[in-house]
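Below you'll find the structure I mean.
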Amino acid sequence: MVACIVDQVALLKILAHAAKFPSNSINGVLLGNCTEGSNVEIHDVVPLCHSTLTLAPALEIGLAQVESYTHIAGGLKIVGYYQSDARFGPGDLSPLGRKIADKVFEHQSDAVVLVLDNKRLEQFCKAQVDNPFELFNRDGAKAWKRAGSSGAAADGGDTVTKLQLKGNDWKQLREEFFTVFKQLKHRTLYDFEEHLDDPAKDWLNRNFSAGLKFVLPGNAL
Amino acid sequence: MEIELEEVERQLRGAKGVPSADKLIKYLRLMRDLHIRDSPTVARYGNILLRHYKNHLSEEELWTVYEQVAIAALDSHALQFAASVVAAINRRFPESVRAKRLQGMYYEAVGDYNKAEGVYNDLLTQDAANEMILKRMVALERSRGNLTTAIDALRKYLDTFANDKEGWEELAEMYLEVQNYRQAAFCYEELLMHVPGNSSYFVRYADVLYTIGGPTNYKTARSYYAKAIELTAGGSLRALFGVLACSAHITDKVTLQDARSRAQIELPDVSTQALLRIYKQHAPDKLPFVEPILAKLLSGHGHGL
């Protein structure tokens, strides 16, 4: 059984990205490590686009810069892709999303995809559901499937079952998200597209991550 | 105007008790003029204005604000509040198509698409060429997820109302959503005709051509990126990167014959220098990530992933 464990800060950034652009589709990359036995750890994310998801240039340059960053900074690799659709519908990975995810997969065979399901997000905000994210991974047949949906893999190998939150406290994640949202901190998160339109905007979002410590007192993220 | 907006937003956020009328009025006015979409905030401040300061506004501006707040409330899913504002508008303007369309929008917001369609069809029987309602029908289909129907409806609309810039932008977006890049390119060609000198249309058009790919498209895209660089005095990162990305795909050798070919040969270098300058000045921490990418692009050995 293969695990996919994600840090709170990574999910908070995806939620903040979605909250900043509520009427748009958004996407980004997942940063982390793949460990022994194909376990995937997601430690951070880089938000990429909110208006040109379908166009190659911003995506290519964005991916190139993030890859460059991971080579130079070390410690983290691109381990996946995330997306959230503009429409309030079921959280599926769109055909375009699959294509982009395939590109990431070319460089990381253990890559995973997180889709923020809007209906589940509504339930998450009303505390009716713990986890608004859908985890996808590649099954043997070159397709992105919901993790755990294919049951045991055909070759008896490992399949990623579900998304685990580090610390396992989804309630805390919800509260943290509400705090970030109420204090309008999601507006201080910048994606790569915003950086292209204003280079001073930091797609690494170091201020955002640092600011979380103050927004959420007594919280070691 | 953007700086004015930031200033008044800051003042409103810092206000103790109920914010003053003139700041609220100014905020809503700027939001209308700048066409910025921040519905929860507009709904909130609009609500305060309408509750406390109606008499500060002229009749005309008052109902403009009512409409602005109604749409913002619908967009923020503040349905009860939206219903009351829409009702107030319809009481004041009982015969108005513009007012009735807000009723349709309310049904859209609650997800009752059939009822919304009923409202719009009724209005269309009275006035078959009503632009506002025709566009609502497109939006309705888009919300339903029927992109093909929405695209067809919008194309038909643009046959009649070919000067509707927003219409062409919306159509381009929908074509991109279904990954019909060639049709999206056509939309941007229309926009470039209607609004020459808009650098972001040049960039978008080039982005689409680059995405389609192929030698001719890379060359055309490069010239559009180059134009965008000119229009933005070298300030557009998208255009600068775009030029380099295109150049990396173009393998033809250009011989130095005249000013034009010189410009073509020098373009990648000039763009690279411009990018390095911008990063040095505005994002020096990113320079180490960008330099290797630029080197790769310049040497033409492919790029991206």
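The values are calculated or read from the model by the stated rules, or taken from the named source; none is laboratory data. From a predicted model like this one, the values you see are computed outputs, not experimental measurements. Counting neighbours? That spans all protein chains shown, and the Cβs are built from the backbone with ideal geometry, glycine included. Just so you know, the surface numbers come from the protein's heavy atoms only, side chains and all, with ligands and any DNA or RNA stripped out. Shrake-Rupley method; radii C 1.70, N 1.55, O 1.52, S 1.80 Å.
Could you put A:T161, A:T54, B:T125 in order of accessible surface area, largest first, with the 1.4 Å probe and the full protein assembly present?
Putting A:T161, A:T54, B:T125 in descending order of accessible area: B:T125, A:T161, A:T54.
Next question, about the same structure. Quick check on chain B: helices-only [θ] at 222 nm, where DSSP H runs of length 4 and up contribute -39,500 (n - 2.57) each and the sum goes over total residues. Nearest 500, please.
Result for chain B, helices only: -25000 deg cm²/dmol.
Springs between alpha-carbon pairs under 10 angstrom, Gaussian network model over chain A: which of A:D197, A:D44, A:D85 fluctuates most?
It is A:D197.
So, taking all protein chains as they sit and a 1.4 Å probe, how much accessible area belongs to B:T148, in Å² rounded to tens?
Approximately 100 Å² of B:T148 is accessible to the 1.4 Å probe.
May I ask you to compute the full-extension gain from B:S58 to B:E6, defined as 0.36 nm times their residue separation minus their alpha-carbon distance, rounded to one decimal in nm?
Fully extending the segment from B:S58 to B:E6 adds 16.2 nm.
Same structure again: Tell me the accessible surface of B:K219 in square angstrom (1.4 angstrom probe, heavy atoms of protein chains only), to the nearest ten.
Only protein atoms counted, so the area is about 90 Å².
Now for a separate question. Can you tell me the Rg and the Dmax, both Å, for the Cα atoms in chain A?
16.4, 49
With label points built 7 Å along Cα→Cβ from the Cα atoms of B:A15 and B:E95, find their separation and express it in nm.
Inter-label distance under the simple model: 3.7 nm.
Counting only other chains, and only Cβ atoms inside 10 Å, what mean value do you get across the residues of A:190-199?
The mean count of partner-chain Cβ atoms within 10 Å per residue comes to 3.
Carbon and sulfur together cover what percent of the accessible area of chain A at a 1.4 Å probe radius?
Reported share for carbon and sulfur atoms: 52 percent.
Then there is this: Would you kindly derive the ³J(HN,Hα) couplings of the range A:118-127 from the backbone phi angles with the Karplus curve 6.51 cos²θ - 1.76 cosθ + 1.60 (θ = phi - 60°), listing them in order in whole Hz, with x for Gly and Pro?
For the range A:118-127, the Karplus-derived couplings read 5, 5, 5, 5, 4, 5, 4, 5, 8, 6 Hz, x marking Gly and Pro.
Within the accessible area of chain B, what % is carbon and sulfur when the probe is 1.4 Å and the other protein chains stay in place?
Result for chain B: 50 percent of the exposed heavy-atom area is carbon or sulfur.
Ok, one more. Below 13 Å, Cα to Cα, which aspartates and glutamates can A:K171 reach? Residues fewer than 8 away in the same chain don't count.
Counting by Cα, and skipping residues close in sequence, A:K171 has these aspartates and glutamates nearby: A:D130.
Just grab the label-to-label distance for B:T125 and B:H35, each label 7 Å out from Cα along the Cβ direction, in nm (one decimal).
Simple spin-label model gives 3.5 nm for this pair.
What are the residues of the range A:79-126 that lose 20 Å² or more of accessible area, with a 1.4 Å probe, going from their chain alone to all protein chains?
A:R87, A:L96, A:K99, A:K103, A:H107
Under unit Cβ charges (Lys, Arg +1; Asp, Glu -1), what dipole magnitude, rounded to 20 debye, does the range B:67-164 have relative to its Cα centre?
Charge dipole of the range B:67-164: 160 debye, to the nearest 20.
Between A:V6 and residues 5 or more places away or on another chain, which pairs have amide H atoms under 5 Å apart, with H built 1.01 Å from N, and which residues are they?
A:I42, A:Q164, A:L165, A:K166
Further, regarding this structure: Go through B:I212, A:I14 and list them by solvent-accessible area, largest first, probe radius 1.4 Å.
My answer, sorted largest first, is B:I212, A:I14.
State the volume of the convex hull built on the alpha-carbon positions of chain B, expressed per residue in Å³ and rounded to an integer.
In chain B, the Cα convex hull volume per residue is 174 Å³.
What Kirkwood Rh does the protein assembly as shown have if only Cα atoms enter the pairwise 1/r average? Answer in Å.
25.3 Å
Taking 25 Å as R0, compute the FRET efficiency from the Cβ-Cβ separation of A:L184 and B:T149 and round it to 0.05.
0.10
Then there is this: For chain B, modelled as a GNM with alpha-carbon contacts under 10 angstrom, which of B:Y106, B:Y53, B:Y205 fluctuates the most?
Looking only at B:Y106, B:Y53, B:Y205, the biggest GNM fluctuation is shown by B:Y53.
In whole Å and largest first, what semi-axes does the C-alpha gyration tensor of the range B:206-305 yield when each eigenvalue is scaled by 5 and square-rooted?
21, 15, 14
Can you give the average number of partner chain beta-carbon atoms within 10 Å of each beta-carbon in peptide A:64-70, as a whole number?
Mean inter-chain Cβ contacts per residue within 10 Å come to 5.
What share of the DSSP beta bridges in the protein assembly as shown is antiparallel, in percent to the nearest 5?
70 percent
With a 1.4 Å probe and all protein chains left in place, how much accessible area per residue does the range A:43-96 have, in Å²?
Ligands and nucleic acids excluded, the figure is 31 Å² per residue.
Averaged across B:200-211, how many Cβ atoms of other chains sit within 10 Å of each residue's Cβ atom?
3
Accessible area per residue for the range B:69-173 in Å², computed with a 1.4 Å probe and the full protein assembly in place, what is it?
Ligands and nucleic acids excluded, the result is 51 Å² per residue.
Using a Förster distance of 22 Å, how high is the FRET efficiency between A:N207 and A:H71, based on the Cβ-Cβ distance and rounded to 0.05?
Computed FRET efficiency for A:N207 and A:H71: 0.40.
Taking the 0 to 90 degree range and rounding to the nearest ten, how far is the long axis of helix B:131-144 tilted relative to the main principal axis of chain B, both from C-alpha atoms?
70 degrees
So who's got an amide H within less than 5 Å of the one on A:V129, skipping anything under 5 residues away but keeping other chains? H placed 1.01 Å off N, in plane.
Answer set, sorted by chain and number: A:F124.
Right, here's the next one. Under a crude label model (7 Å from the Cα following the beta-carbon direction), how far is B:T255 from B:R182 in nanometres?
The two pseudo-label positions are separated by 3.5 nm.
Taking only the alpha carbons of the range B:1-141, what extent do you get along each of the three principal axes, in Å, biggest first?
So the extents along the principal axes, rounded to whole Å, are 48, 28, 26.
Note the buried accessible area between A and B here, summed over both chains, with a 1.4 Å probe, in Å² to the nearest 100.
The contact between B and A buries close to 3000 Å².
Right, another one. Place a +1 charge on the Cβ of each Lys and Arg in the protein assembly as shown and a -1 charge on the Cβ of each Asp and Glu, then give the dipole magnitude about the Cα centre in debye, rounded to the nearest 20.
Dipole about the Cα centre, nearest 20: 700 debye.
Could you state how much accessible area A:W144 has, in square angstrom rounded to the nearest 10, with a 1.4 Å probe and all protein chains kept in place?
10 Å²
Considering only Cα-Cα distances, which of the following residue pairs are longer than 27 Å: B:K23/B:K100; A:K119/B:K54; B:K165/B:K296; A:K99/B:K219; A:K185/B:K165?
In this structure, B:K23/B:K100; A:K119/B:K54; B:K165/B:K296; A:K185/B:K165 lie more than 27 Å apart at Cα.
Between the chain alone and the structure with every protein chain in place, find the residues of the range A:6-51 that drop at least 10 Å² of accessible area; heavy atoms, 1.4 Å probe.
Output list: A:S23, A:S51.
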